[in-house]
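Before any comments, here is the structure.
The values are calculated or read from the model by the stated rules, or taken from the named source; none is laboratory data. Keep in mind that this is a model prediction, so the values were computed, not measured. So basically every Cβ, Gly included, is an ideal-geometry build from the backbone, and we count neighbours across all protein chains shown.
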Amino acid sequence: MKLLRILVQNRYFGPLLASLGMAIVVLVFNVDVLAGESGNNLGPTSLAVIAITIAVVLAALFFDTRGKFARLNNQSERVSEMADRLTVAIEKLNAANADLQQSEERYRGLVETQDAFIVRRTADGLLTFVNSAFCEQFGMDRAELEGSNFTPDVHPEDYGIAESLAPGLEAPPYRIRYDQRLLTRDGWRWIAWIDNAIRDDAGRILEIQSIGRDDTARKLAEEQLKGARDEAQAANRAKSSFLATVSHEIRTPMNGILGMTRLLLETELTGQQYGYASAVRQSGEALLAIISDILDYSKIEAGKLALDEQPFNLINTVEQACELLSARAVEREIAIGATFAPDVPEFLYGDAGRLRQVILNLGGNAIKFTDQGGVMIAVSVTFESEAGVVVLFEVTDTGIGIAEEAQDKLFEEFSQVDSGSTRRHGGTGLGLAISQRIVQRMKGQIGVESAAGKGSTFWFMVDLAFDPEASEATVAPDALAGQRIMLCDGNATSREIIHRSLTALGAEVSASGDPEQVLQFLAQAEGDEAIFDAALIDGAFPDKTITELGRKLRQSAAGGDCRLVLLLRVDQHARLEPYRQNGFEFYLVRPIRRRTLVQVLTGDRNEEGDWVDSRLPPEPAEAGAGKPMATVRVLLAEDNRINQMLAEALLGKLGLETECVGNGREAVEAVQKGNFALVLMDVNMPLMDGLQATREIRALVGPNASVPIIAMTASAREEDRQRCAVSGLSAYPV
Ligand code: ADP
């Protein structure tokens with residue numbers, strides 16, 4: 001069967017079968033012969049053979065046909081499978097086609113409904129696509145535009161912008177942006193373009209697609225805004241300049257009022273007159289302070305805050321500021337003082353005037369907002385900088401404090417925590433803003449730490465260079481090393497200031513606010529077999545307490561030989577005498593200078609037993625006492641009669657002879673004739689101003705040409721200072 005199947009499946013089967021048939025026929029005819037049967041009729045063997053042969057052939061035919069059928073069946077199944085797949089593919093293709101059509105319609109819809117212009121052009125400038133917005137704005141048909149190399153008219157001021165940026169299309173991100181004005185149906189419009197390069201796989205630019213938006217409204221708004229800003233800036237400058245002029249104009253008569261009041265107070269007055277005149281002076285000073293703030297602020301606003309950096313003594317600067325503030329502190333019966341960490345250098349380089357101004361601002365506020373306790377100005381070094389040290393100034397008060405939420409805005413101009421109509425404290429709200437600008441100008445920082453009801457610490461840090469020509473420190477950092485000092489001061493702030501100052505200088509301090517404790521300190525020291533080198537006693541204690549303390553100290557073994565020092569306020573001089581008898585040899589006037597503190601605690605005791613005024617430097621021997629002083633003549637060129645009177649009185653007090661003239665021309669004539677040691681020259685005068693007069697004096701022949709000339713003006717503007725310098729003035733006080 002197997003052979004048969006092979007044969008059936010073989011395509012040579014037909015001929016093979018035929019040959020087999022033939023062979024069988026031949027065989028049939030001969031079978032009978034072989035079987036020994038004769039005759040022509042077919043014998044049974046032949047018939048059997050034929051039957052078998054037919055059967056074989058039929059079987060073969062059957063198998064062949066079945067095989068063919070099977071194959072045909074197979075093939076037709078495959079074909080129908082393929083047909084199925086083809087149908088699915090066609091369906092998918094149809095769906096994709098529909099999607100594509102939809103998306104193209106959507107895309108076209110998008111492009112066509114855009115207000116923006118959408119344009120594509122070849123690298124040669126031929127338009128390949130334009131959207132409806134473009135056609136509409138330029139009043140042309142799409143058919144006209146596409147295929148043409150139409151370009152809209154560009155505003156002459158915007159020529160070349162796109163061309164200059166074009167190289168940007170050849171490098172990533174293959175995009176450029178620019179604005180230009182185009183002439184459209186609605187006239188000149190600002191169009192903001194974004195051009196994108198469309199590239200082939202090799203990176204060659206095929207087309208450039210540009211999307212342009214009408215930006216005219218924004219541009220116009222921008223221009224209006226710029227115009228408004230320029231106007232506002234000009235108005236601001238005008239305002240600052242106006243403020244500077246007004247404050248200057250107010251300052252001049254204010255100086256007259258204050259100066260005259262000062263002179264008046266020095267004359268013989270009744271108690272009532274003195275009271276009234278003092279009130280005028282106080283109000284005048286308050287007004288002058290406000291005017292100075294406004295003038296300063298307007299100067300800073302106008303960008304004219306110039307630093308005047310020079311070598312200066314840091315300790316003196318802070319102590320002087322502290323002394324200036326002390327009058328107000330005394331009035332409010334609170335303490336004030338400065339203290340310096342041991343490593344604070346004395347000689348530095350910077351703008352001492354501006355530093356003092358910030359300290360005065362912060363200190364002034366601290367006094368204003370403190371009813372009890374006091375104000376401590378502590379100076380320390382934060383770290384060393386490249387050229388010097390970063391100095392930290394902390395102004396701490398025991399006043400009303402500031403709630404945290406109010407602290408953020410404090411340094412903004414005109415900001416006041418209590419700005420209601422019932423506010424207790426005066427002020428313009430400019431002090432901190434000015435201080436901040438100054439500190440920022442010095443590249444420093446300023447800040448505050450405070451809590452309502454708990455007092456405040458306003459601090460600022462500035463980097464100050466060392467003075468390259470610094471002399472040796474006037475006070476050694478360990479000047480009080482080895483000294484044991486008793487301090488009894490009823491005011492906690494003042495006690496802390498002095499305590500800190502003494503320890504910074506190396507002393508060992510036993511401090512208390514309670515006089516009873518002094519006796520305990522004495523007993524303790526006696527037990528330790530130690531003695532006190534000095535005892536500093538608060539002059540504000542009742543007389544009896546002070547006398548008692550003095551006596552007990554003197555009688556004790558630990559304090560018997562110590563320096564007894566009374567701590568006094570400026571207005572307490574009258575209290576000295578009774579204590580002298582109780583052994584008080586020295587007094588220190590608050591706020592205590594570091595140098596005098598050291599002098600009093602280490603200096604020679606006065607042999608004659610005179611009281612040593614530890615604050616004021618020894619009076620210089622009266623100049624020329626006994627012999628008549630050579631007359632020094634000063635020329636005063638000033639058109640304001642009050643200022644003339646004032647200057648004359650002040651100069652007269654200094655023993656100088658004054659000649660007054662009312663304008664520049666008279667000043668030049670007077671210098672030509674006279675022999676003056678100094679000229680005080682008002683800058684603004686009728687007929688000839690001070691600057692012209694100075695130039696003419698400098699042009700004179702002879703020694704009078706080089707007479708020192710000092711400008712007198714309340715103008716603090718930098719350009720005025722420059723003008724004065726150029727005209728040959730020797731000095732310019734502000
Ligand atoms: P002025 O004191 O003239 O009002 P400043 O700018 O100096 O203006 O101060 C702004 C405000 O900050 C003050 O009005 C006050 O409310 C608050 N302030 C400043 N210093 C202190 C302080 N030491 N204690 C409490 N409040 C203070």
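What to note about this one:
- A89 more than 24 Å from N196 (Cα to Cα), modelled with pLDDT under 90 and either polar (S, T, N, Q) or more than 52 Å from the chain's Cα centre (by Cα) (or both): no
Here's the yes/no breakdown for (1) closer than 30 Å to A202 by Cα; (2) loosely packed, with under 11 Cβ neighbours inside 10 Å; (3) out of contact with any Lys or Arg (no Cβ under 7 Å at 6 or more places or on another chain):
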{"site": "A96", "(1), (2), (3)": "yes, yes, yes"}
{"site": "R120", "(1), (2), (3)": "yes, no, yes"}
{"site": "L126", "(1), (2), (3)": "yes, no, yes"}
{"site": "D153", "(1), (2), (3)": "no, no, yes"}
{"site": "I161", "(1), (2), (3)": "yes, no, yes"}
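- Given (1) in contact (Cβ under 8 Å) with a residue 24 or more places away in the chain; (2) farther than 23 Å from G109 by Cα, index of the condition S164 fails: (1)
- Failed item, numbered, when E333 is tested on (1) within 30 Å of P311 (Cβ to Cβ); (2) more than 16 Å from the ligand (Cβ to nearest atom); (3) without any contact (Cβ under 8 Å) to a residue 60 or more places away in the chain: (1)
- Segment 368-394: number of residues that are surrounded by fewer than 24 Cβ atoms within 10 Å (Cβ to Cβ), within 16 Å of the ligand (Cβ to nearest atom) and closer than 25 Å to I300 by Cβ: 3
- Within segment 460-475, the set of residues being in contact (Cβ under 8 Å) with a residue 40 or more places away in the chain and closer than 23 Å to L505 by Cβ comprises L464, F466, D467, A470, S471, A473, T474, V475.
- Residue identified as modelled with pLDDT of 95 or more and more than 11 Å from the ligand (Cβ to nearest atom) among D467, D478, D489: D489
- Restricted to strands (runs of 3 or more DSSP E) entirely inside segment 250-366, those with at least 3 residues that are crowded, with 21+ Cβ neighbours inside 10 Å are 335-340.
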